[in-house]
Amino acid sequence: MRGLLGDIHRPVLVAEVLDNLRFVSEGGIFVDATLGFGGHAIAVLEHFPNSTVVGIEIDDETISLCRKRLAPYGDRCRAIRGTYGDLGDLLSLAGIAAVDTILMDTGVSSFDIDTPERGFSFSLDGPLDMRYRQEFGLETAEAIINHENASYLRRIMRDYGEVPFAGRIASAICSRRVNSPIATTLQLVEVVRRAVGGRIGRMKLEGLLAQVFQAFRVAVNRELEVLEAGLRQGIDHLESGGRLLVICYESLSHNLTKRVFREYERGCICPKEVPVCVCGRSPKARILTRRAISPSAAEIADNIRSRSAGMRIIERL
Ligand SMILES: C[S@@+](CC[C@H](N)C(=O)[O-])C[C@H]1O[C@@H](n2cnc3c(N)ncnc32)[C@H](O)[C@@H]1O
């Protein structure tokens, strides 16, 4: 095992999470839907001695390391292996009807980024895998990159990574794979580098690579689809007065979260052209953050990976 568990992923916005979570019932339940190495979960267990924490984590290795870390908290904490896309079913299976606070800290852990075999990093060589969990029947990034046509690859990069030069990079991928499959992260990096040539500087190339890798990761794991399901099931399973806290790191998940939050706040889903509501739906929740809560300058100075984090909160009526 590399390093101490506490070092392999530093939780972000911990003080802000503790300040904003709510226990509306006696012995309330906090669900950490992206348990990771338990950084947020442990902060909650320590800060709220009467709380119970239910953690959900998709990754096998991560959850087994985390279970060891949570062992001292005994019955106060349960770690469930699964995806927050199935949040409703996982809570039902655990015999839980409604909860007080749910945290979703979307994105990749530092541990995954720094593990070359996962294929998430554009600076470490490894297979182009990028799946959070292997047995879901998901295609690897390698399968997508070597088998999909140029227009599909362009769409993935444009829609999931807002990648500039997406068309040019997609064509370069298709030309390169004629000789032999693009099998590793650094081979993909080389294709992107050659495709954009001298058009951008080194710093900008790093940003572009981050966007390309993000796009394929989102596509491989169907992240936006899963996030939308998780947001809806999360809000639906809150107690009245309970809160959903969502930490996002890029604009696609921020925009999706904002859209779903607004829908729950508005209630009515009638098209704009319909003058009088016919759907009969009423607001179910209240948005508490018009703008995302960002990490302090001190936190960013201490943990550079926190710099793109932003937290949005909605409260169930
Ligand atoms: C940014 S990390 C969260 C870190 C955690 N809050 C901590 O303090 O250690 C995101 C975690 O969510 C997990 N994850 C990604 N997609 C998931 C999903 N659909 N369902 C559950 N967990 C997921 C990742 O494996 C990763 O461990």
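Out of the residues in segment 14-60 that are outside any loop (DSSP other than H, G, I, E, B) and acidic (Asp, Glu), state the one that is surrounded by the fewest Cβ atoms within 10 Å (Cβ to Cβ). Outline the logic, then answer.
Residues of segment 14-60 outside any loop (DSSP other than H, G, I, E, B): 14-20, 29-32, 39-47, 52-57, 60.
Right, trim to acidic (Asp, Glu) and you get 16, 19, 32, 46, 57, 60.
Working: Glu16: 19, Asp19: 9, Asp32: 30, Glu46: 11, Glu57: 29, Asp60: 13.
Only one residue fits best here, namely Asp19.
The set of residues from segment 56-69 being touching a residue at least 24 places away in the same chain (Cβ under 8 Å) and away from the ligand (no atom under 11 Å from the Cβ) comprises just one member, Lys68. One residue stands out among those in segment 125-146 that are crowded, with 16+ Cβ neighbours inside 10 Å and either of a type in the set (S, T, N, Q) or in contact with an Asp or Glu (Cβ under 8 Å, 6 or more places away or on another chain) (or both): the one that is nearest to Ile156 (Cα to Cα), which is Ala141. Within segment 6-45, if we keep just the residues that are more than 8 Å from the ligand (Cβ to nearest atom) and of a type in the set (S, T, N, Q), the residue that is nearest to Glu228 (Cα to Cα) turns out to be Asn20. Filtering segment 251-277 to residues that are surrounded by 19 or more Cβ atoms within 10 Å (Cβ to Cβ) and not hydroxyl-bearing (Ser, Thr, Tyr) leaves Leu252, Leu256, Val260, Phe261.
Restricting segment 95-132 to residues that are among the small types (Gly, Ala, Ser) and more than 27 Å from Asp19 (Cβ to Cβ), the residue that is farthest from the chain's Cα centre (by Cα) is Gly95.
Please go through segment 20-55 and pick out each residue that is under 21 Å from Asp89 (Cβ atoms) and touching a Lys or Arg at 6+ places or on another chain (Cβ under 8 Å). Those that are under 21 Å from Asp89 (Cβ atoms) and touching a Lys or Arg at 6+ places or on another chain (Cβ under 8 Å): Thr52, Val53, Val54, Gly55.
The set of residues in segment 193-222 being within 13 Å of the chain's Cα centre (by Cα) and either surrounded by fewer than 21 Cβ atoms within 10 Å (Cβ to Cβ) or among the polar types (S, T, N, Q) (or both) consists of Gln214, Asn221, Arg222. The C-beta contact set for segment 92-115 (first residue within 19 Å of Phe216 (Cβ to Cβ), second residue assigned to a strand (DSSP E or B) and hydrophobic (A, V, I, L, M, F, W, C), distance under 6 angstrom, 6+ apart or interchain) comprises Thr106/Cys248.
Every number here is computed from the coordinates shown, using simple stated rules; none is lab data. Everything numeric in this text was worked out from a predicted model, so none of it was measured. Every residue, glycine as well, gets a Cβ built from its backbone with ideal geometry; the counts of neighbours run over all protein chains shown.
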